[in-house]
1. Which residue pairs have Cβ atoms under 6 Å apart, sit 6 or more places apart or on different chains, and have a first residue in region 203-214 that is outside any strand (DSSP E or B) and a second that is open to solvent by less than 60 Å² (accessible area, probe 1.4 Å)?
2. Can LYS184 be described as surrounded by fewer than 18 Cβ atoms within 10 Å (Cβ to Cβ), of a type in the set (D, E, K, R) and touching a strand residue (DSSP E or B) at 6+ places or on another chain (Cβ under 8 Å)?
3. Working only within region 106-125, note down all residues that are closer than 13 Å to TRP162 by Cβ and in a loop (DSSP other than H, G, I, E, B).
4. When you go through LEU144, LEU203 one by one, which is the residue that is farther than 16 Å from LEU101 by Cβ, of a type in the set (A, V, I, L, M) and open to solvent by less than 30 Å² (accessible area, probe 1.4 Å)?
5. What number of residues within region 263-275 satisfy the criterion of being outside any strand (DSSP E or B) and either surrounded by fewer than 18 Cβ atoms within 10 Å (Cβ to Cβ) or among the small types (Gly, Ala, Ser) (or both)?
6. Exactly one condition in (1) in contact with a Pro (Cβ under 9 Å, 6 or more places away or on another chain); (2) assigned to a loop (DSSP other than H, G, I, E, B) is false for MET278; which is it?
7. Looking at region 125-141 only, could you name the residues that are under 20 Å from VAL176 (Cα atoms) and either at pLDDT 95 or above or surrounded by 23 or more Cβ atoms within 10 Å (Cβ to Cβ) (or both)?
8. Answer yes or no: is there a residue in region 232-241 that is among the aromatic types (Phe, Trp, Tyr), open to solvent by 70 Å² or more (accessible area, probe 1.4 Å) and either in contact with a Phe, Trp or Tyr (Cβ under 6 Å, 6 or more places away or on another chain) or in contact (Cβ under 8 Å) with a residue 40 or more places away in the chain (or both).
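The values are calculated or read from the model by the stated rules, or taken from the named source; none is laboratory data. Since the model is a prediction, treat every value here as computed from it, not as a measurement. Quick reminder, even Gly has a Cβ in these numbers, built from the backbone with ideal geometry, and neighbours come from all protein chains shown. In case anyone asks, the SASA skips ligands and DNA or RNA and just uses the protein heavy atoms, side chains included. Shrake-Rupley method; radii C 1.70, N 1.55, O 1.52, S 1.80 Å.
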Amino acid sequence: MKTSWRTASLVATAASVLALTTACGQDNASAPASAAQNVGATAAAGDYGNPGAGTATGAGNGYGADGSKTSASPSPATPAGKLTVAANPDLGNVLTDGSGLTLYRFDKDTANPPKSNCDGDCATTWPPVPADDATAGDGIDKALLGEVTRADGTKQLTIGGWPAYRYAKDVNAGDVNGQGVGGKWFALAPDGKKATLSDLPGLSVRKDPKLGDIVVDKKGMTVYRFMKDQAWPKSVSNCTGACLEKWPAVGPVNADDTKGVKKKGLMPFTRPDGVKQMTVNCWPIYTFSGDKAPGDTNGQGVGGTWYAVSPDGKPVGAPGE
């Protein structure tokens, strides 16, 4: 009797897998959760000046300058301008100045009351951000912007009470070379906290104020469907070449690494170029290069063929849906 029950169980399991496989006409191979990513996305640098678990080595003076303390004079303070929110693949939303340079906070400072403990040579390596002309851009609560009077009498910008700095080794917009330096310096999130990527599943559901429930990837970026694709009798992507550069295909995600997304038809398929792409209800899914931060839906309705994806795989807001 026990053998019959076990045999029946195995048969039922096999039938269930076969049903899902047949639904999209593809294999149901799942990739590890760690493989959930956008195909073609640029890999992030493995080291932002914080080898190991966030503590930098070689910072002999304890605040990130090379070797012994430098005697160089601080450069003239550069105005902050209009603050913006930048999406970093490893840190999530990061606060930047008007030039796109990352802003940082120092663990030896205090936010309540605001106080800077970075002066002299430290302030050469980590130039304080002036408070004078700082304004809040999209996604930033202007009520969190403040100022603190430094020891030299100048006014330094604060975010949520935390004094804000730039890092001398950040040269280009988007650089985050100061992240984790000395185990005390961290990129600022828009709310003044330390920037950190939300621990999201490979695919999950977010409630958008205009679109309702939509699917997002592990980085919180909106997931889209292409109306020229095909789901039945097998998954087919008609976005290739330059299209894929603008609409990166979402890589395989383990079904167990999802939340709120319909399980049926939730599987990868193999594209003509040999790369595996994820589907929701057998429809190929993508992100949009025009979305710069989690929560953006700039791809919605583009060309009348691209739409955000509902948890059951339907195109949100598409005509006739």
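1. Listed by first residue and then by second, the contacts come to LEU211/ALA308; LEU211/VAL316.
2. no
3. Within region 106-125, the subset closer than 13 Å to TRP162 by Cβ is 106-118.
Residues satisfying the conditions are ASP107, LYS108, ASP109, ASN112, PRO113, SER116, ASN117, CYS118.
4. Details: LEU144 fails: open to solvent by less than 30 Å² (accessible area, probe 1.4 Å).
Among LEU144, LEU203, only LEU203 is farther than 16 Å from LEU101 by Cβ, of a type in the set (A, V, I, L, M) and open to solvent by less than 30 Å² (accessible area, probe 1.4 Å).
5. From region 263-275, those outside any strand (DSSP E or B) are 263-267, 271-275; that's our starting set.
Right, trim to either surrounded by fewer than 18 Cβ atoms within 10 Å (Cβ to Cβ) or among the small types (Gly, Ala, Ser) (or both) and you get 263-265, 272-275.
Adding up the residues that qualify gives 7.
6. (2)
7. Within region 125-141, THR125, TRP126, PRO127, PRO128, VAL129, PRO130 qualify.
8. Initially, region 232-241 is screened for residues among the aromatic types (Phe, Trp, Tyr), giving 232.
Then keep just the ones that are open to solvent by 70 Å² or more (accessible area, probe 1.4 Å); that gives 232.
The next check asks that each one be either in contact with a Phe, Trp or Tyr (Cβ under 6 Å, 6 or more places away or on another chain) or in contact (Cβ under 8 Å) with a residue 40 or more places away in the chain (or both); those that pass are 232.
The answer is yes; a qualifying residue exists.
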